[in-house]
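Quick notes on the structure that follows.
Please treat every number below as a calculation from the coordinates, not as lab data. Keep in mind the model is a prediction, meaning the values are calculated, not measured. When we count neighbours, we look across all protein chains shown, and the Cβ atoms used for this are built from the backbone with ideal geometry, even at glycine.
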Amino acid sequence: MTRRRLAAVRRLTCVVALCGLVAASAGCGSAHRAATTTTTLQTDDGLRGLVPQPLPFKPRFTLDDTSGRPYNFTAETRGKLTYLYFGYTHCPDACPATMSDLTYALRLQPRSRRRRIAVVFVTVDPTRDTGRVLRTWLDHYNTSFVGLRGTIAQIGVVEHDAGVPTAIKISTKKGASYQVEHSSLLFVYSPDDRAHVVYALGFKPADYAHDIPILLRFNR
């Protein structure tokens, strides 16, 4: 099978997940969920990500950052290429993989381009992800990444507005340990405040890096 054919199969698998099936876990027993939407595989713009139809608008919300200060998502990311991900620091697979891949993709960009990009990580596990815990975890990838917290109810509203299923706590066999079933989609909003693509598990740093200069061209 050719490399191009493999890529097409991977994207088709992601489309199936996006059309309402629960995405399979990459390992360690955690569960990840995909949003329900219609997608296409290719665009005239040459983007490698999945193209949602209709294109989602950037959600409007305010949550606390890792220092406890209110962070107005709309105002703080205005005019930037903005990545939005819902996850948690105890996630054994999808969250660290996504943040690692995105970190690598950003390193491939010139500094002038990186200044126009924001990465925002909303924890779906605010009980364990205190501001200090979340900040330390994100700093492992990039000190510029923004971590946001809120109550379970507040986070649920943001998930709904972004178009992903609400995260669900799953208890383990014994003790207070638990995992969280959550969306594994990485949203990316262009400067025009629309998500021209989303990414699911299986996309690589090269895919993110390829799409960045294209996505930055979508201005208001």
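The table below lists the values:
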{"quantity": "Candidate aspartates and glutamates for bridging to Lys204, where Cα separation is under 18 Å - those fewer than 8 sequence places away on the same chain excluded", "calculated": "Asp93, Asp101"}
{"quantity": "Proximal charge balance of Thr77 [Cβ under 14 Å; K/R count +1, D/E count -1]", "calculated": "+4"}
{"quantity": "Shape box of region 50-96 [Cα atoms, principal axes, largest first, Å]", "calculated": "32, 29, 15"}
{"quantity": "Among beta bridges that DSSP assigns inside region 61-125, antiparallel share in %, nearest 5", "calculated": "30"}
{"quantity": "Cα centroid of region 116-140 to Cα centroid of region 169-220, whole Å", "calculated": "14"}
